[in-house]
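What follows is one structure encoded as C-alpha cells, with my remarks underneath.
Please treat every number below as a calculation from the coordinates, not as lab data. Note that the coordinates shown come from a computational prediction; the quantities given were computed from them, not determined experimentally. Cβ: placed from backbone, ideal geometry, glycine included. Neighbour counts: every protein chain shown.
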Amino acid sequence: MTAPADGWRQLDRRTVVASAALALGACVAAGVPTLMGMRSADRFSFTVAVGLAVGGTVLVVGLAVVLEYVRLARTRFRVGTDRVEVRSGILVRTCRGLARERVRTVEVTADPVLRLLGLASVRIGTGQRTSATDKPLELRALRRPDAEALRGLLLDREGRIDPPHPREGTPHEAGAGGSSPHDDGAPRDATLAVLDPTWVRFAPVSLLTPTLGIAAFGVLLQGADWIGLQQTVLTDAADVAIALGLVVSLVVGLVVVVVVGTVASVAVFVESWWGYRLTRERRTGSLHVRRGLLTTRSTTVEEDRLRGVAVVEPPGIAWFRAARVDAVATGLSAADEQRSDPRGLLPVAPRAVVERVVAEVLREPVAPTREVTLRAHPVAARRRRVRWALMICLVPAVALAVVAVLVGSTAFAVLTAVAAVLGLAAGVRLGRLAYRNLGHGLVGDYVVTRHGAPGRRTVALRRGGILTWTLTQTPFQRRAGLVTLWFTTAAGDGRYGVFDVGVDEAMAFAVETLGERFSPYLAAASMTP
Amino acid sequence: MTVPLRPPREPLDPRVRSWWRVHCLAWPVLLAVVLGVLGLLIRPIAWFLPVAGAVVVVGLLLAVAFPAYWYRVHRWEVTDDAVYTRSGFLWQEWRAAPLSRIQTVDTTRGPLQQAFGLSALVVTTASSRGAVTVVGLDHERAAEIAERLTRATQAVPGDAT
C-alpha cells in the first residue's frame, strides 16, 4: 500500500464488495420468506411479486454500491506524529481526530464477508466518555495486514518517538504511517493462555442454554409461518402432546429444549472463542486477546490501563470449579457501543487455569483472588439476603394463591402449597448462598471484594487504581448496623462495592485500604485504632 | 447505627430550603389541579376533589417538615485536597473526590435555581460513578469555588485516572 506524501490514506476499495454482499444478503433474507409465503397466491400476482423482489434487490444493492463507493472516495485517514485523524462525510464533511497518546484500545474485527476479502475493520477507542466526541473512530475496512500494522503502530508508544529498526529475518513492511513494529507470531509475544478445546464442556452451563432452547421454538414457529404451515405445526404438536399424555410430553419438551439449547450454546462458544489466544507483548507489556470463528476479534489492553481483574462465576459454574476472567481496565467500560464484550480475558475455564492467568496478567506470583483471606460480613447481612431471596422465590406461590382464591379450585390450592414449600426452601438456600458469597479482603496491593448469588463475582482491584470512596446507607442498613462501601475507579463498572459490611469494619477497612485518603473524614471519637 | 464520619464543615445556602419547599409543593399542586379539574368536569368522579385537597395537604406537610431536616443533613466542604459531601436523609451518602483525581468542575443552574440565586456544583472524576454534586450553593460562591478547583486540578499532572 502506497501513501501520498501528506500521509492521508484511503480505505480499501474492496469494502464496496463487502457492503454489496451484505445488502444482497439482507434482500435475500427478507425476500425469500415473503415469496415463500405467497406461493399460495395466484400465478399473476406471484410473478409480479417476484419481479418486484428482484427489482428491489437490484435497486438496494446498486444504491449500497454507489453510497459505499462515494463514502470510500470521501474518507481519508492519517496517522500523524501526535494525532490520528479521519475525514469523512458525503454531504457534511467532518474531520475527527484523536491525540495518539489518548488511544487506549484498538480493536480489529472482521465479519465473515470482510474475512473472505482479506479485510478488517479497525476501531480506535480512547476509553473516556467525557464528551460526545469521544466515540471510537471506526475505519471500515482496511486490508488485514494494514489493519494489524495500524494497531501495532497506535499502541506502540516508544515506536512513535523512535521507530524500531527492522530486525534481521523479520518481515518488514514499510507502512504509510511509519514502520510496522508488529508482526503476527513474532517471538516477542509471550503467550499466557490458548484455547483448550475441552473448555467447551462449560459452555452449556449458562443461562444461554434455556434461553436459546426456548427461542428455537419461536424461530421454528416463525419459519413455519413464512411457509404458511404454522397452523399445521401447532395442530400436529397438539396431537402428539395429547397422544403422549401430559407428563411424557412435558419431559420430551424439556429434553428438546435442553438438547437444542446445548447445541446452540456450544455453537455460540465456538463462534466467539475459536482460536482464542491471550498474549503479552514483551516490549510494551500490552495484553492482547484474539478470538472468534466467523467474526474475528482482536483487542489490545495497555498494561498501565489495567486496574485489576474480575473473576466471574456464572450461575451453576461453581459446581464445576470453573470461572471466567474479565479485565478491569480503563477504556473497556463502554460495552454498550461494542458488538462483543471486549473485557473477556479468558473464557470459562478450570480454576487452576484461572488462577494462573490472573497471576500472570497482574504479574503477581500468586493470584490475589486466591491468596486473599476474605472476611465474612455480619449475620445481619444474611438476614437481609434471606429476606430478599424469599421475596423473589415466593412470587410464584403468591400468584398461584391469588388464582386459587379467584378460581376456588383445590388443584390450585395444592399447587400453591407445593410452590410455597419449594419457594421457602429455595429462598433460604439462595439467601444463605448470597451471604456465603459476600466477602472482602486486602492482599498485597489489591482490594478483593466478592458478592452475588446464584453466580458470583470476585474483583481484585489495584489500590493505586482506586480514585476515591463512597459510603451509602439505607434506612434498613442503618437499623441493622450495616453500610455499603464503594471504591470508585476509572475502569470497568466505575465502582465496586463491599456490600452490607459492619459499620466499624467498613471504617477500618477503608482506612486500611486508602489510609490518608480516608482517615481525615473519620469523626474524632473513632480515631483511636 | 450511625456512621462515625465527621460531618462536612459547611452548610448549604439557606435559600436552598425555599427551593426545596417549592419542589415539595410544585408536584402535589400540579397533581391536585389535574384531579380538581377532572373532578369538576366529570360528575361521577366528583370524589377526586377531596383527594386533590388531601394531596395538597400532604405536599404542605412535606414542605413544612422536610426542607429544614434536609438542610441539617446536607453538608459539604472543600478541604486542601478533596471535595467532601454528605447528602440524603433516609438514603444517606458520603462522598469525597480528591483534587488530584478531579477531571471537570461545572456549575449548573435550573430556572428555579436561578430564581433563588442558587447553583449546583458538579465535580466529576474519571470514574463513571464518581461524580460529586453539591446542590444549592449561592451562585457566585459556586462559580468562585469552581474556578478555584479548576485551578487546583490543573496544577496536577497526568490524566487523573
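So here's what we get for this one:
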quantity: DSSP-defined beta bridges in the range A:409-467 - what % are antiparallel, rounded to 5; calculated: 100
quantity: Chain A, helix-only ellipticity at 222 nm - DSSP H runs n ≥ 4, -39,500 (n - 2.57), divided by all residues, nearest 500; calculated: -14000 deg cm²/dmol
quantity: Ordering of A:104-110, B:3-9, A:513-519 by burial proxy (mean other Cβ atoms within 10 Å per residue, highest first); calculated: A:104-110, B:3-9, A:513-519
quantity: About the Cα centre, charge dipole magnitude for the range A:379-436 (Lys/Arg +1, Asp/Glu -1 at Cβ), debye; calculated: 540
quantity: Kirkwood Rh in Å, taken over all unlike Cα pairs in chain B; calculated: 17.9
quantity: The range A:201-273: Cα Rg divided by the 2.2 N^0.38 Å rule of thumb; calculated: 1.27
quantity: Gaussian network model of chain B, springs between alpha carbon atoms under 10 Å - residue of B:45, B:102, B:145 with greatest fluctuation; calculated: B:45
quantity: Mean-position separation - Cα centroids, the range A:464-511 and the range A:411-458, in angstrom; calculated: 20
quantity: Per-residue HN-Hα couplings for the range A:273-279 [Karplus 6.51, -1.76, 1.60; θ = phi - 60°; Hz; x = Gly/Pro]; calculated: 10, 4, x, 4, 8, 10, 10
quantity: At most 16 other Cβ within 10 Å, DSSP loop - chymotrypsin sites (Phe, Trp or Tyr not before Pro), the range B:1-59; calculated: B:47
quantity: Förster-model FRET efficiency, 35 Å R0, residue B:18 and residue A:519, C-beta, rounded to 0.05; calculated: 0.40
quantity: Label-to-label distance, nm, for residues given as residue A:95 and residue B:147 (7 Å Cα→Cβ offset); calculated: 3.5
quantity: Residue A:309 long-range amide H proximity, modeled H, under 5 Å; calculated: A:328, A:460
quantity: Whole-number percent relative contact order across the range A:11-103, with pairs defined as alpha carbons under 8 Å at least 6 apart; calculated: 25
quantity: Surface/4 of the Cα convex hull for the range A:236-281, nm²; calculated: 4.4
quantity: Cα-centred dipole magnitude for chain A, charges only on beta-carbon of K, R (+1) and D, E (-1), debye, nearest 20; calculated: 720
quantity: If the convex hull is drawn through the Cα atoms of the protein assembly as shown, its volume per residue in Å³; calculated: 258
quantity: The range A:433-529 shape via C-alpha gyration tensor axes, a/c threshold 1.5; calculated: oblate
quantity: Rounded to whole Hz, the Karplus (6.51, -1.76, 1.60) HN-Hα couplings of the range A:136-152, x for glycine and proline; calculated: x, 7, 10, 10, 10, 9, 10, 5, 3, x, 5, 4, 5, 5, 5, 4, x
quantity: As computed over the range B:11-71, the Cα convex hull volume per residue (Å³); calculated: 50
quantity: Karplus 3J(HN,Hα) series, Hz, for the range A:26-43 with 6.51 cos²θ - 1.76 cosθ + 1.60 (x for Gly, Pro); calculated: 4, 4, 5, 4, 7, x, 4, x, 4, 5, 4, x, 9, 4, 6, 5, 6, 4
quantity: Mean shadow area of the range A:271-315 over all directions, Cα convex hull, nm²; calculated: 4.1
quantity: MRE, 222 nm, helices only [DSSP H, n ≥ 4, -39500 (n - 2.57), over chain B, to nearest 500]; calculated: -15500 deg cm²/dmol
quantity: Tensor-based shape of the range A:379-436 (alpha-carbon gyration tensor, a/c under 1.5 rounded, otherwise prolate or oblate); calculated: prolate
quantity: Cα principal axis extents for the range A:77-120, largest first, Å; calculated: 33, 30, 14
quantity: The range A:377-506: relative contact order in percent, alpha carbon pairs under 8 Å with at least 6 residues between; calculated: 21
quantity: Projected label distance in nm at residue B:31 and residue B:112, using a 7 Å step from Cα toward the beta-carbon; calculated: 1.4
quantity: Relative contact order of chain A, defined on C-alpha pairs under 8 angstrom at six or more residues apart (%); calculated: 10
quantity: Other-chain or far-sequence residues with amide H under 5 Å of residue A:495's (modelled H); calculated: A:489
quantity: Estimated translational D of the range B:75-154 in µm²/s (Stokes, Kirkwood radius over Cα pairs; 20 °C; 1.002 mPa s); calculated: 167
quantity: Relative packing of peptides A:398-406, A:440-448 - highest average C-beta neighbours within 10 Å first; calculated: A:440-448, A:398-406
